[in-house]
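Rule-based calculations on the coordinates, nothing more; no lab input. Note that the structure is predicted; figures quoted are calculated from it, not measured. Because the Cβ atoms are built from the backbone with ideal geometry, glycine has one as well, and the counts that use them run over all protein chains shown.
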Amino acid sequence: MRQVTKLLICALLLTPVGAAAQSTETLADIRQELSVLFVELQRLKRELSTTGGAGQLTGGGSLVDRVNAIESEVQRLTSKTEELEFRIDRVVSDGTNRVGDLEFRLCELEPGCDIAKLEPGSTLGGVAPATGGGGIAPPSSTGDAPQLAVVEQADFERAQAALEAGNYDDAAEQFAAFRDTYPGGPLSARAGILRGEALEGAGRQSDAARAYLDTFSAAPDGDEAPEALYRLGRSLGALGQKEDACLTLAQVEVRYPAAAAVASAQSEMTRLQCR
C-alpha cells in the first residue's frame, strides 16, 4: 500500500514536467542530424589528413581509423534511416488505402449510407503516404478515421457491457487491452477510469488505485483527470491511507476548481473527516 503512496507523490509532483518532456522528433529530423554529423566528420577527417606528411600519419593513424569507423557507422545509420522511412511510407499508403476500401464496403452494407457523401479522412499515423503506393483505393474515399472510430467504439462498448454485467475481472482485462490498443484515443482515459471501477468491483482495491493513478498521470490536463484524481483519493481512503487520501482529494479543487468532481471530493473529505 505504501507503494501506491509513492506513486501518488510522483504523479502529483512530476506531472507538469512529464508533459513537457514529450518528443516530437521525426525520422526526417534524425536523418538531418545524421547528415550534419557526416559533414562534420568529413571536415575533421580532412583536417587530420592534411596536418603533415605520410610519416606523421603513423602516429595519428589510430585516430584517423576511429574517424573512418565513425564515418562508416554514420553512413550505415543514414542508409538504415532512409530504408525505414521508405518502408513507413509504403505501410502508410497501403494501410490507408485498405482501410478506406473497408470503409467503402461497409457503407455499401449499411442501410442509408450515401457513398457519394463519404469524406476522406487523415492518413494512418497522420503521415502523408508516398505516391504510387500499393493497396486498393476506393472511389471517393481514402480515409480511415470513420472505420477506426467504429472499431474503437465497439471494443469500448464490449468492455463496458462486461462491467455492467458484473464480470469485473473480464471487464478490467478488456479495458486494459483497450488502452494498450488505442493509447491516447478519445476513449482511453474513460477506459482507464472504468478499469479502476471494474477492479474495485472485483475487490482489488490496490490495483484500482493504481489504475486511477495511471489514468490521471497519462493526461493530467484531460477531461477525465478530475474524476480520476477524485477516485484515486477515494481508493486511498478505502485502503486505510487517510492522510494521503485527504491530500489527494484536496488537490481536486486546487487543480480543477470548476470540475464536477470537486463536489464528490469534498463529500468524501467530509466522510473521512479530513482536516
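With each label point set 7 Å from Cα along the Cα-Cβ vector, what nm distance links Q273 and D169?
Inter-label distance under the simple model: 3.8 nm.
Please work out how much length the chain gains when fully extended from S206 to F86, using 0.36 nm per residue of separation minus the C-alpha to C-alpha distance, in nm with one decimal.
38.6 nm
Let's test the formula: R0 of 45 Å, r as the Cβ-Cβ distance of T181 and V64. What FRET efficiency results, to the nearest 0.05?
In this case the efficiency is close to 0.30.
So what is the relative contact order of the stretch 146-272, in percent, for Cα pairs below 8 Å that sit 6 or more residues apart?
This gives 15 percent for the stretch 146-272.
Taking only the C-alpha atoms, wrap a convex hull around the stretch 146-272 and report its volume per residue in Å³ as a whole number.
98 Å³
What's the ranking of 67-73, 264-270, 207-213 by average number of surrounding C-beta atoms within 10 Å, highest first?
For the peptides 67-73, 264-270, 207-213, the packing ranking is 207-213, 264-270, 67-73.
At 0.36 nm per residue, and after removing the present C-alpha to C-alpha distance, how many nm does the segment from A263 to Q153 gain when stretched out fully?
That works out to 36.6 nm of additional length.
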